[in-house]
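Take a look at the structure set out below.
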Amino acid sequence: MLACIHSRKFGAAIVGAAIILGGTSDDCYSQKGSIHLTIVKAGFIVGTGSGTGTLDYQGRTYRLRVSSFGFGTIGVSGGALVGTAYNLRTAADIAGTYKAVSVGLTVSAGAGVGRFQNANGVILELVGAQLGLAVSLGSAGMTIALQAP
């Protein structure tokens, strides 16, 4: 009986510690921000594009410069993307090259969803609308840089 009581107390202590540690790990070490991008791209087999955007993080707005690249793209399209940037420790973490495998078709108007990650561990989850005429099947990515204030 005494062993059963000690076992329950030990189990409750482990569960309590897991809740405390699990609840603070994400909030103490990484945060998220909202991101808005506008990109125009064109290509025949190899596609390139450029655009601008903003990152809203910890009450401040940071201007961004975006260049995109992809293989297996034919056509011209442009769009506005909005979403969330996860795992930010500072605003500078947003800078870097993001890669993903993509499949897409834009005829006049379409929608897109993407999840990208850079070497800093920042994950972008983006959704948005596209206009134009383009087909893509292959790898895609973009490079984001902070612009001077």
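Annotation: extensible slack from Arg60 through Ala119 equals 18.9 nm (criterion: 0.36 nm per residue apart, minus Cα-Cα distance). When the residues Ser68, Ser50 are ordered by accessible surface, computed with a 1.4 Å probe over the protein chains alone, the sequence from largest down reads Ser50, Ser68.
Between Ser34 and Ala80, what is the label-to-label distance in nm when each label sits 7 Å out along the Cα-to-Cβ direction? The two pseudo-label positions are separated by 1.3 nm.
Ranking of Asp56, Asp93 by solvent-accessible surface, largest first: Asp56, Asp93 (1.4 Å probe, protein heavy atoms only, all chains present).
Of Val76, Val113, the order by accessible heavy-atom surface (1.4 Å probe, DNA, RNA and ligands excluded), from most exposed downward, is Val113, Val76.
The values are calculated or read from the model by the stated rules, or taken from the named source; none is laboratory data. Just so it is clear, the structure is predicted and the values come from calculations on it, not from any experiment. Glycine gets a Cβ as well: all are built from the backbone with ideal geometry, and neighbour counts include every protein chain shown. Heavy atoms of the whole protein, side chains included, go into the accessibility calculation; ligands, DNA and RNA do not. Shrake-Rupley method; radii C 1.70, N 1.55, O 1.52, S 1.80 Å.
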